[in-house]
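To start, the structure under review is shown below, and the notes come after it.
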Amino acid sequence: MKEVILVWLRNDLRLHDNEALYKAAVSACHVIPFTCIDPRWFQVTHLGFTKRGPHWATFLLQSIADMRRRLQSIGSNLVVRVGTPAQVVAELQKATGARWIYTSREVTSEEIQDQLAVENAMQQVGGKVKYFWQSTLYHLEDLPFKSIELLPDVFTQFRKQVEKTVRVRDIFPIPGKLPPLPPNLLEGTIPTLQELGLKEPPQDRRQLVHFTGGESAALDRVKTYIWEKDLLKTYKETRNGLLGADFSSKFSPWLALGCLSPRYVWDQVQKYQAQRVTNDSTYWLIFELLWRDYFRFVALKYGNRLFKKGGIKKDRRIRWIENKTLFQCWMEGKTGIPFIDANMQELAATGFMSNRGRQNVASFLTKDLQIDWRWGAMYFEHALIDYDVCSNWGNWNYIAGVGNDPRENRYFNILKQACQYDPQGEFVKHWLPVLKPLPASWIHLVGELSPSQLQSYGIELGNNYPSPMVNTSRWMKT
Ligand SMILES: Cc1cc2nc3c(=O)[nH]c(=O)nc-3n(C[C@H](O)[C@H](O)[C@H](O)COP(=O)(O)OP(=O)(O)OC[C@H]3O[C@@H](n4cnc5c(N)ncnc54)[C@H](O)[C@@H]3O)c2cc1C
């Protein structure tokens, strides 16, 4: 009888460039792909919301359904189970007699605990787990540093060394044909949001961007963004935009769940450069992917420090405030600061927020309100459709000033940022229609309007729009 390999799909829900799946497929063993939907992802945290939220969960379930269809198209199927990885592995090992698990190597604590639990379950039956590094553009083993402890703490140093010396590895092809599941093994139904204890996110007419989970939609998006709409050639100029689908690539939700391989994006950019144009913009998309890589390597270097109050810097000087009332206003987009509220309402309604928006709302929470940055990171984990443990917690460390930012006390002047990136107030007006009557010159300065001006624009502070939580004039001095 053929040996069985279980391929545990985690944040690598794709057929293309999937080393674990490919190596299993060419091994002459019987391959059984499976995935676990872990109920612990949907437990309620001490802040009152679930660890992961409905936008992310919807995207995950769509990605799993698409992966199943794609595996079926090459003769196989995806076994889906709700349970912790250790429970699921114990069940599947017993049912199939597998001696091997192939899977992606993750770097953060909860994911590592899962790996250890799975290793333990396999060891009990004399089985083993084989790991593959497959979420970054540059492979861990190719880094030009003798050990991960020598990873530079400044991004630019990392980038320059990597760009100079490392080659992006070739993509693994899609496996040709896989065997069907054994007849006695049930494929398992994909649960609904309700079965996971979540509510359907309400439809919001303000939503302009709609994401569909899965590799098929990911490849479509790459094709549309890079080739059909030809947007790559202007990416550097448009990437700080706020409104609409096309100012940036929007690859992040697919990259986060591994429906899209960063090496595939890199490969497409090389082809685009050869066939259409090479310029700062075509380079800049790769530059941003390097940030993504960097935060993953930083997580590997610093381990659990990423999640601690003092951050990777172990900085205990900052006195963080734990004020749930202020935090609630921030989460709900009811701070009275239009630029912050518009961004936070977009996040709640869609699961997405631009990079510019994320930097501003994170800075506002940590520098203006001085609320514990980890609360912000936890809310993002709940709300983001593109939640990625390393990028999220790494960026929050950075903005809160406990991470890798070489500049001490970086501070975002929210008014300045709002006027620079939303000069006509279109973004604010889109998400906060009550402010539509305001002229561009006042849109970011609601708190500075006189009572008669407010009345003439139909705004009642504390009634149809919140009174500002902080005095806007603090941003007018600099
Ligand atoms: C506080 C905070 C939290 C964040 N949390 C996440 C997160 O959970 N998941 C996530 O994918 N990104 C996160 N980011 C990074 C960034 O905001 C998003 O990757 C980006 O906005 C996604 O939109 P896009 O795909 O159109 O990006 P593009 O501008 O088109 O960039 C292309 C890709 O590069 C990567 N990238 C770009 N900027 C960054 C960055 N600063 N850090 C890491 N990778 C980057 C992403 O994979 C992105 O898809 C966070 C940023 C901040 C400031």
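The values are calculated or read from the model by the stated rules, or taken from the named source; none is laboratory data. Keep in mind the model is a prediction, meaning the values are calculated, not measured. Virtual Cβ from ideal backbone geometry, glycine too; neighbours counted across all protein chains shown.
For the stretch 414-446, filtering for residues that are free of Cβ contacts under 8 Å to residues at least 12 places away in the same chain and among the polar types (S, T, N, Q) leaves 2. For the stretch 232-270, the tally of residues that are of a type in the set (S, T, N, Q), farther than 27 Å from Trp393 by Cβ and touching a residue at least 40 places away in the same chain (Cβ under 8 Å) stands at 2. Within the stretch 39-57, is there a residue that is within 18 Å of Gly214 (Cα to Cα) and of a type in the set (Val, Ile, Thr)? The answer is no; no qualifying residue exists.
Residues being assigned to a loop (DSSP other than H, G, I, E, B) and not assigned by TED's automatic domain parsing to the domain that holds Pro39 are represented in the stretch 158-166 by at least one member. Restricted to helices (runs of 4 or more DSSP H) entirely inside the stretch 202-309, those with at least 3 residues that are modelled with pLDDT of 95 or more and more than 25 Å from Glu381 (Cβ to Cβ) are 215-222, 235-238, 262-275, 280-302.
Only one residue in Pro173, Pro182 is more than 30 Å from Ile286 (Cα to Cα) and either in a loop (DSSP other than H, G, I, E, B) or within 15 Å of the ligand (Cβ to nearest atom) (or both), so which one is that? Quick ask: steps written out before the conclusion?
Details: Pro173 fails: more than 30 Å from Ile286 (Cα to Cα).
That would be Pro182, the only listed residue that is more than 30 Å from Ile286 (Cα to Cα) and either in a loop (DSSP other than H, G, I, E, B) or within 15 Å of the ligand (Cβ to nearest atom) (or both).
Scanning for something among the basic types (Lys, Arg), in a helix (DSSP H, G or I) and near the ligand (Cβ under 9 Å from one of its atoms), does the stretch 321-334 turn up at least one residue? No, the stretch 321-334 has no match at all.
Is it the case that some residue within the stretch 247-262 is within 11 Å of the ligand (Cβ to nearest atom), buried (at least 17 other Cβ atoms within 10 Å of the Cβ) and more than 26 Å from Glu163 (Cβ to Cβ)? There is at least one residue in the stretch 247-262 that is within 11 Å of the ligand (Cβ to nearest atom), buried (at least 17 other Cβ atoms within 10 Å of the Cβ) and more than 26 Å from Glu163 (Cβ to Cβ).
For the stretch 72-107, the set of residues classified as farther than 19 Å from Leu185 by Cβ and in contact with a Gly (Cβ under 8 Å, 6 or more places away or on another chain) consists of Ser104 only.
Determine whether Arg296 is among the basic types (Lys, Arg), assigned by TED's automatic domain parsing to the domain that holds Arg239 and either more than 23 Å from the chain's Cα centre (by Cα) or within 15 Å of the ligand (Cβ to nearest atom) (or both).
For Arg296, the condition - among the basic types (Lys, Arg), assigned by TED's automatic domain parsing to the domain that holds Arg239 and either more than 23 Å from the chain's Cα centre (by Cα) or within 15 Å of the ligand (Cβ to nearest atom) (or both) - is met.
Set side by side, the residues Leu326, Leu300 differ, and just one is surrounded by fewer than 22 Cβ atoms within 10 Å (Cβ to Cβ) and either of a type in the set (Val, Ile, Thr) or under 30 Å from Trp442 (Cα atoms) (or both), which is Leu326.
Out of (1) within 23 Å of Gly403 (Cβ to Cβ); (2) more than 20 Å from the chain's Cα centre (by Cα), the odd one out for Trp291 is which? Condition not satisfied by Trp291: (2). Checked against the criterion of being under 20 Å from Leu196 (Cα atoms) and at pLDDT 95 or above, the candidates Val79, Val7 yield just one match: Val79. Taking helices (runs of 4 or more DSSP H) as the structural unit, those lying wholly within the stretch 361-444 and holding at least 3 residues that are out of contact with any strand residue (DSSP E or B) (no Cβ under 9 Å at 6 or more places or on another chain), more than 18 Å from Trp330 (Cβ to Cβ) and more than 14 Å from the ligand (Cβ to nearest atom) correspond to 414-421, 426-431. Annotation note: Cβ proximity below 6 Å between a residue of the stretch 280-298 that is within 17 Å of Leu143 (Cβ to Cβ) and touching a residue at least 40 places away in the same chain (Cβ under 8 Å) and a residue that is more than 10 Å from the ligand (Cβ to nearest atom) and not in a helix (DSSP H, G or I) (sequence gap 6+ or interchain) occurs for Asp293/Thr136; Asp293/Tyr138; Arg296/Thr136; Phe297/Leu151.
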